[in-house]
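The values are calculated or read from the model by the stated rules, or taken from the named source; none is laboratory data. Fair warning: this is a prediction, and the values are worked out from it, not measured in the lab. Quick reminder, even Gly has a Cβ in these numbers, built from the backbone with ideal geometry, and neighbours come from all protein chains shown. Areas reflect the complete protein model, heavy atoms only, side chains present, ligands, DNA and RNA absent. Shrake-Rupley method; radii C 1.70, N 1.55, O 1.52, S 1.80 Å.
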Amino acid sequence: MIDRLEKEVDMLERHLQVLRMVIDSEPIGIVKMSNETGYPHHKVRYSLRVLEEENLIEPSSQGAITTERTHEFVDELDDKLDETVEKLGSMRIDDAAEVEN
């Protein structure tokens with residue numbers, strides 16, 4: 001059960017790393033991102049596809065570039081991550097067991 005969550009967090013980390021590279025170095029291509037991150041081309045390509053589906057990047061002839069939505073997403077990201085961390089923290093079973101004892 002928790003394995004799936006760990007895999008999703010790892011994938012989110014990769015997507016955000018790819019997005020950060022696009023923000024910092026746009027336009028940027030798959031080969032450069034793969035070389036700099038160490039991720040295989042197919043994983044970078046998948047992250048780019050996900051980011052494009054979310055309208056956070058778009059393709060150009062020179063490589064991936066940001067969109068108008070990118071800045072808004074980045075502004076909201078820290079708050080959403082904080083909310084998620086808080087929610088995960090509230091799920092701890094050891095805290096509940098201490099309260100009962």
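Quick look at the values:
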quantity	calculated
Leading residue at positive end of dipole, the range 1-55 (Cβ point charges), from ILE2, TYR39, VAL50	TYR39
Under-5 Å amide H pairs with ILE28, H placed in peptide plane, nonlocal only	ALA64
Two-site FRET efficiency, GLU72 against ARG45, from Cβ-Cβ distance with R₀ of 30 Å, rounded to 0.05	0.75
Accessible area in the full protein assembly, largest first, 1.4 Å probe, for LYS43, LYS80	LYS80, LYS43
Over 16 Å [Cα-Cα, the chain], rounded percent	62
Distance between modelled label sites at GLU53 and ILE2, nm, 7 Å Cα→Cβ extension	2.8
Sorted largest first, extent of the range 49-95 alpha carbons per principal axis (Å)	53, 19, 13
Solvent-accessible surface (1.4 angstrom probe) belonging to ASP24, in square angstrom, nearest 10	120
Calculated from backbone phi, Karplus (6.51, -1.76, 1.60) coupling profile of the range 56-71 in Hz, x at Gly/Pro	9, 9, 9, x, 9, 5, 9, x, 6, 9, 6, 10, 5, 6, 4, 4
Accessible area (Å², 1.4 Å probe, nearest 10) - ASP10	90
Set of lysines with alpha-carbon distance to LYS32 below 26 Å, sequence-local pairs under 8 removed	LYS7, LYS43
